[in-house]
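K.L.:
Can you keep this structure in mind? I'll have questions shortly.
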Amino acid sequence: MPLDLNSQFALHGRALSVASQRLNLLADNLANADTPHYKARDIDFKAAMASATKDQVRLKTTAAGHMADDGPGSPAKVMYRIPDQPSQDGNTVNSQKESAAVAETAVRYQTALTFLNSRIRGLRLAITGSR
């Protein structure tokens, strides 16, 4: 029975993709911390990973008017963050929360990389033996 490498790496690859997308959004938020009327955006990491792990029926788009499938390969849903206390100029970025979210996401990214390296090392060992 052949080994499906996509299934071996899919979950961790999705975690890297979502974490990368979230880091980009958080960087945009921090860069616009002083921009009037800028609305902070974020991704619900847990919800994005939960949707990636579900067995979903993939829909085929056969016409231009069809909606795209939100399957495991699609980007995570971006939402506006609800501020605790918006500033006078309408900006909703909280630099401390953004920095904490960057640190948390960086840890998740590094964890996914560690799991992928472990998985690759295990496959390499299975293929080559103890050489």
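K.L.:
Restricting to the stretch 87-131, name every residue that is acidic (Asp, Glu), under 19 Å from Tyr38 (Cα atoms) and assigned to a helix (DSSP H, G or I). Full working, then the answer.
P.N.:
Just the residues of the stretch 87-131 that are acidic (Asp, Glu), to begin with: 89, 98, 104.
Then drop every residue that is not under 19 Å from Tyr38 (Cα atoms), which leaves 89, 98.
Selection gives Glu98 alone.
K.L.:
Against the condition small (Gly, Ala, Ser), at pLDDT 80 or above and over 21 Å from Gln110 (Cα atoms), how does Gly90 come out, does it pass?
P.N.:
Yes: the conditions hold for Gly90.
K.L.:
How about the stretch 24-37: which of its residues are in a helix (DSSP H, G or I) and farther than 13 Å from Ala48 by Cβ?
P.N.:
Asn24, Leu26, Ala27, Asp28, Asn29, Leu30, Ala31
K.L.:
Scan the stretch 13-41 for residues that are crowded, with 19+ Cβ neighbours inside 10 Å and charged (D, E, K, R) and jot them down.
P.N.:
Arg14, Arg22
K.L.:
Under 9 Å between Cβ atoms, at least 6 apart or on separate chains: pull out the pairs that start in the stretch 19-45 with a residue that is charged (D, E, K, R) and end on any residue that is in a loop (DSSP other than H, G, I, E, B) and loosely packed, with under 14 Cβ neighbours inside 10 Å.
P.N.:
From residues that are charged (D, E, K, R), the pairs are Asp34/Asp89; Lys39/Gly90; Asp44/Lys77.
K.L.:
Take the residues of the stretch 75-110 that are surrounded by fewer than 14 Cβ atoms within 10 Å (Cβ to Cβ) and among the polar types (S, T, N, Q): which is nearest to Asn24 (Cα to Cα)?
P.N.:
So, considering only residues that are surrounded by fewer than 14 Cβ atoms within 10 Å (Cβ to Cβ) and among the polar types (S, T, N, Q), the one nearest to Asn24 (Cα to Cα) is Ser99.
K.L.:
Here's something else I'd like to know. Would you check which residues across the stretch 49-87 are of a type outside the set (Lys, Arg) and modelled with pLDDT of 80 or more and list them?
P.N.:
Of all residues in the stretch 49-87, those of a type outside the set (Lys, Arg) come to 49-53, 55-57, 59, 61-76, 78-80, 82-87.
Of everything in the stretch 49-87, those that are of a type outside the set (Lys, Arg) and modelled with pLDDT of 80 or more turn out to be Val78, Met79, Tyr80, Ile82, Pro83, Asp84, Gln85, Ser87.
K.L.:
Where residues in the stretch 80-131 are β-branched (Val, Ile, Thr) and touching a helix residue (DSSP H, G or I) at 6+ places or on another chain (Cβ under 7 Å), which of them is nearest to Lys46 (Cα to Cα)?
P.N.:
Taking the candidates together, the pick is Thr105.
The values are calculated or read from the model by the stated rules, or taken from the named source; none is laboratory data. Being a predicted model, the structure only gives us computed values, none of them experimental. No Cβ is skipped: glycine too gets one built from the backbone with ideal geometry, and neighbour counts run over all protein chains shown.
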